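The block underneath contains the structure these notes are about, expressed in C-alpha cells.
The values are calculated or read from the model by the stated rules, or taken from the named source; none is laboratory data. Everything quoted here is computed from the prediction, not taken from an experiment. Methodologically, a virtual Cβ is constructed for each residue, glycine included, from the backbone with ideal geometry; neighbour enumeration extends over all protein chains shown. When the accessible area is computed, the model is the full protein with side chains, heavy atoms only, and any ligands, DNA or RNA have been set aside. Shrake-Rupley method; radii C 1.70, N 1.55, O 1.52, S 1.80 Å.
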Amino acid sequence: MAARIEDYALIGDCETAALVSKMGSIDWLCLPRFDAPACFASLLGTEENGLWSIAPSQPVTGVGRAYIEDTLVLETEFSVGTGKAAVIDFMPPRDGTSNIVRIIEGRSGSVEFEVDLVIRFDYGRSVPWVSHVATGRLTAVAGPHRLTLESPVELKGEDFHSKATVTVSEGQRLAFTLTHSASHEPVPVARDPEAALQQTVFFWQDFVGRCPPVNSYSAIVKRSLITLKAMTYMPTGGIVAAVTTSLPEKIGGPRNWDYRYCWLRDATMTLMAFMNLGYFDEATAWREWLMRAIAGTPEQMQIMYGVGGERSLPEFELDWLGGYEGSLPVRIGNAAADQFQLDVYGEVADALAQARKHGLPAHPRTDSMARVLLPFLEKSWREPDEGIWEVRGGRDHFTHSKVMAWVAFDRTARLAEDSDDTGAALRWRAVADEIHADVCRKAYNEELGSFVQSYGSKVLDASLLQLPLVGFLPPDDRRVISTVEAIERRLMRDGLLLRYETEVIDDGLPSGEGAFLICSFWLCDALVLLGRHADAKRLYDRLCDLCNDVGLLSEEYDPVAGRMLGNFPQAFSHLGLIATALNLARLEGPAGERSDKN
C-alpha cells in the first residue's frame, strides 16, 4: 500500500521526477520525461506495479529526513536497534541520460538494509527481461526502454523482483545508480556517484543562491522556488502542474486527473513569481514555451499542452492499476484540453503585459498575437464555457471567465495606450467597458451581497476572489468587501477554503473534495488588499503549517482527516506560497502589481 501523500518527498532532474516515501521506497517515476509512462507505479497500485525500496531489515525506531540545504538532494536517516544509517537520494542534471543515485551511508553502529527493485514499464504493466551483464550491473529491457543498475552488490532474481541485503557500518558509503536509456542504443557509461552528488548540490545551490531574502518567509519561498524549478522541463521551459496523475481529490472518489501537463492558467502567476524574485532567464523560458504552444489560430488555442507544446492529450483509463487507496479510475491524458475556457485568454494577455511591465525583452510575436486573439475573443466572450474549474457538467456563463475576458481587453488596451496606438486602445477599452458592465449587472446578487459563480446563480465560488486581484474592481468597493466576507462565511471549512460547494451544483461528478489550497492563498492576497493584514498573515501561517516535513504541498487538503489530497507536489500551491509571501513581505507584492491600474 502506498504511503500517505504527505509522506513523500520529491527528487528530480528538471526533465522528470520521482517520489520517495519516508520508508525509502521510490513509488513513482516516469521516464524519460514527466508525462512518459511510469516504470515505478506502486503509488497507484501495489508493489507489483513497480518500486525501488532501500529500507532497514530491522524494525525502525526513528526516521528523520531533510533536503541538503538549498538543494533537491534528499537525506533520510533511519534509526534501528544496532545503529543509524541514511539513504541519500537525488537525480543529477542530465548528461544525455536520466539517472537516480541512491547512496547508503553508515552513521553509527551497523545497519542492515534490504534492496528491492521492481521494474514495471508501461505504468506498472510490463515485466522486463532482466540480465546480469557484469559484476554489479543488471539491465532491464522491455520494448523501447532500458534501465541499467550499477550496484556495489549482486542482486538476485526472486518472483520478478531483484533483491539484495547489504550492511553498512559507520563511515561506509554504498552507491547505487539507475540509468534510463533507449534499448536500441549502447549501454551508457556509468556516472561516478560521488562526483554526481557534488554536481547536483552545486546545481541547486547555485540556482537558489540568486533568490533575494523575503523577510521571515525566505525558507518557504526558496523551497517552493526549487520545487517549481524541479517541475520545469528544461529543454522547453514548460512547467507541469504536478508530477503525478490520479492522486484523488477525495479518497475513494473519481475526481482523479492527470496533471503532468502545462496549463496556460498558471502563466501569469509563474511569470510574476520568477520575475519578482529576479529569475528572468526562467521567466523568459516559460514565456517562450507559452508563445510556441499557443502559436496558430485562436480557435485552436487550448487550456493546456504537453511539456513540449503537444496538443493531443487524449484521456484514457488504466484498468490494471487499483488506484491510490482504491481511488478509481486512474487516468492518463486530460480531456479538459479540449474544453473552451475563456479565462485563459485573459491569463495570456496578462502574462504578456506583466512581462513587458517588468522589463522582459519584447517578444516579436506579442503585438501580432494580440491582433489575432482579441478579435476572436471580441466575438466569443458572450459564449458560455467550462470555466476555471473545468467542469464536466456542461457550459455556463461563469463570472470568473467573463472577468478574465475583461482582463484580456484591459491589458491589451493599456499596452496600446503605452504604444500610442489610439485606435486600438479605444477599441479594446470599449469592449472591456462592455464586459465590465455586463458582469456588474448580471453576476452580482444583491440578496446575497456577493458576486456569484455564474450569471443568475446563487452559488459562491472562490475564483471570485480574483476580482480585486486582477483589478476588475478596487478592493475598497463595497461589492468586493461583501463578496470576500460571503466567501469566508460560506466556503470556509476548518479554516480553509473550498472552491465551491460541490453538493449544491452539478459539475458532472459526484460531490465531495478537499480544500483547494490555491483558493486560500487567493483569500490571503485579497485580505492584504483589503488591509486585513493580521487575518492574511494568520491564514498564511496556517497554510505554511500544512507543508510536509520537507516543505511540499499538494493540490488539496482534508482538514477533517488531517491529510493531503490531490496531485503532488502542486505548482499552483507553491506559486501561492511565493506570491502571498511577497505580498506580506513588502508593501507592493504581486497582488498589488497585478491589480494596479497604472
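Among the listed residues Leu527, Leu543, Leu553, identify the single one that is touching a His at 6+ places or on another chain (Cβ under 7 Å), open to solvent by less than 10 Å² (accessible area, probe 1.4 Å) and closer than 22 Å to Ser216 by Cα.
One residue alone meets the criteria, Leu553.
Please determine, by comparing only the residues of segment 542-561 that are modelled with pLDDT of 95 or more and of a type in the set (Gly, Ala, Ser), which one is farthest from the chain's Cα centre (by Cα).
Within segment 542-561, the match that is farthest from the chain's Cα centre (by Cα) is Gly551.
Only one of these conditions is not met by Gly346: (1) buried (at least 19 other Cβ atoms within 10 Å of the Cβ); (2) touching a residue at least 40 places away in the same chain (Cβ under 8 Å); (3) farther than 15 Å from Leu290 by Cβ. Which number is it?
(3)
Could you please find all residues in segment 380-428 being open to solvent by 20 Å² or more (accessible area, probe 1.4 Å), in a loop (DSSP other than H, G, I, E, B) and either farther than 25 Å from Trp257 by Cβ or free of Cβ contacts under 8 Å to residues at least 24 places away in the same chain (or both)?
Correct list: Arg382, Pro384, Ser419, Asp420, Asp421.
Just to be sure before I move on: is Val330 at negative phi, surrounded by 17 or more Cβ atoms within 10 Å (Cβ to Cβ) and touching a Leu at 6+ places or on another chain (Cβ under 6 Å) in the structure I sent?
yes
Being of a type in the set (Lys, Arg), part of a helix (DSSP H, G or I), in contact with a strand residue (DSSP E or B) (Cβ under 9 Å, 6 or more places away or on another chain) and open to solvent by 40 Å² or more (accessible area, probe 1.4 Å): is that true of Arg479 here? Break it down stepwise before answering.
Values: of a type in the set (Lys, Arg): yes; part of a helix (DSSP H, G or I): yes; in contact with a strand residue (DSSP E or B) (Cβ under 9 Å, 6 or more places away or on another chain): yes; open to solvent by 40 Å² or more (accessible area, probe 1.4 Å): yes.
Judged against the criteria, Arg479 is a match.
Does segment 342-379 hold any residues that are among the charged types (D, E, K, R), more than 20 Å from Trp257 (Cβ to Cβ) and touching a strand residue (DSSP E or B) at 6+ places or on another chain (Cβ under 9 Å), and which are they? Let's see the steps before the verdict.
At the first step, the residues of segment 342-379 found to be among the charged types (D, E, K, R) are 343, 347, 350, 356-357, 365, 367, 371, 378-379.
Keeping just the survivors that are more than 20 Å from Trp257 (Cβ to Cβ) gives 350, 356-357, 365, 367, 371, 378-379.
Across segment 342-379, there are no qualifying residues.
Restricting to segment 264-303, and then to whatever is outside any helix (DSSP H, G or I) and either among the charged types (D, E, K, R) or touching a residue at least 60 places away in the same chain (Cβ under 8 Å) (or both), can you tell me which residue is surrounded by the fewest Cβ atoms within 10 Å (Cβ to Cβ)?
Within segment 264-303, the subset outside any helix (DSSP H, G or I) is 277-279, 294-297, 301-303.
With either among the charged types (D, E, K, R) or touching a residue at least 60 places away in the same chain (Cβ under 8 Å) (or both) added as a condition, the list becomes 277-279, 294-295, 297, 301, 303.
Numbers: Leu277: 20, Gly278: 12, Tyr279: 21, Ile294: 22, Ala295: 12, Thr297: 9, Met301: 21, Ile303: 23.
In this case the residue turns out to be Thr297.
Only one of these conditions is not met by Thr165: (1) open to solvent by 10 Å² or more (accessible area, probe 1.4 Å); (2) at pLDDT 95 or above; (3) under 29 Å from Arg33 (Cβ atoms). Which number is it?
Exception for Thr165: condition (3).
Those residues that are crowded, with 18+ Cβ neighbours inside 10 Å and not hydrophobic (A, V, I, L, M, F, W, C), I need them from segment 126-151; list them, please.
Pro128, Thr139, His145, Arg146, Thr148, Glu150, Ser151
Among the residues in segment 212-229, are any under 20 Å from Val20 (Cβ atoms) and assigned to a loop (DSSP other than H, G, I, E, B)?
No, that holds for no residue.
I want to confirm something. Restricting to segment 68-87 and keeping residues that are within 12 Å of Phe203 (Cα to Cα) and touching a Leu at 6+ places or on another chain (Cβ under 9 Å), which single residue is surrounded by the most Cβ atoms within 10 Å (Cβ to Cβ)?
Filtering segment 68-87 for residues that are within 12 Å of Phe203 (Cα to Cα) and touching a Leu at 6+ places or on another chain (Cβ under 9 Å), the one surrounded by the most Cβ atoms within 10 Å (Cβ to Cβ) comes out as Leu72.
Kindly list the number of the only condition in (1) more than 25 Å from the chain's Cα centre (by Cα); (2) modelled with pLDDT under 95 that fails for Leu149.
(2)
Determine whether His132 is without any contact (Cβ under 8 Å) to a residue 24 or more places away in the chain, of a type outside the set (A, V, I, L, M) and in a strand (DSSP E or B). I'd like the intermediate steps shown before the answer.
Numbers: without any contact (Cβ under 8 Å) to a residue 24 or more places away in the chain: yes; of a type outside the set (A, V, I, L, M): yes; in a strand (DSSP E or B): yes.
Yes; evaluated as a whole, the condition is true for this residue.
If Val391 passes every condition in (1) at pLDDT 95 or above; (2) in contact with an Asp or Glu (Cβ under 6 Å, 6 or more places away or on another chain) but one, which one does it miss?
(1)
For Leu360, state whether it is surrounded by fewer than 21 Cβ atoms within 10 Å (Cβ to Cβ), within 30 Å of Met1 (Cβ to Cβ) and of a type outside the set (Val, Ile, Thr). Break it down stepwise before answering.
Values: surrounded by fewer than 21 Cβ atoms within 10 Å (Cβ to Cβ): yes; within 30 Å of Met1 (Cβ to Cβ): no; of a type outside the set (Val, Ile, Thr): yes.
Against the criterion (surrounded by fewer than 21 Cβ atoms within 10 Å (Cβ to Cβ), within 30 Å of Met1 (Cβ to Cβ) and of a type outside the set (Val, Ile, Thr)), Leu360 does not qualify.
Just need a number here: residues in segment 443-476 that are in contact with a strand residue (DSSP E or B) (Cβ under 8 Å, 6 or more places away or on another chain) and of a type in the set (A, V, I, L, M, F, W, C).
Residues in segment 443-476 being in contact with a strand residue (DSSP E or B) (Cβ under 8 Å, 6 or more places away or on another chain) and of a type in the set (A, V, I, L, M, F, W, C): 7 in total.
Residues Thr297, Thr268: which one is closer than 25 Å to Asp385 by Cα, hydroxyl-bearing (Ser, Thr, Tyr) and under 16 Å from the mean Cα position of the chain (by Cα)?
One residue alone meets the criteria, Thr268.
Take segment 242-259 and flag every residue that is open to solvent by 10 Å² or more (accessible area, probe 1.4 Å) and closer than 21 Å to Asn548 by Cα.
Answer for segment 242-259, where residues must be open to solvent by 10 Å² or more (accessible area, probe 1.4 Å) and closer than 21 Å to Asn548 by Cα: Lys250, Ile251, Tyr259.
Report the residue count in segment 225-241 for those that are open to solvent by 10 Å² or more (accessible area, probe 1.4 Å) and over 13 Å from the mean Cα position of the chain (by Cα).
Final tally of qualifying residues: 3.
Of the residues that sit in segment 94-112 and are open to solvent by 10 Å² or more (accessible area, probe 1.4 Å) and at pLDDT 95 or above, which one is farthest from Val80 (Cα to Cα)?
Here the answer is Glu105.
Between Glu447, Glu485, which is open to solvent by 30 Å² or more (accessible area, probe 1.4 Å), more than 32 Å from the chain's Cα centre (by Cα) and not β-branched (Val, Ile, Thr)?
Unique residue meeting the criteria: Glu447.
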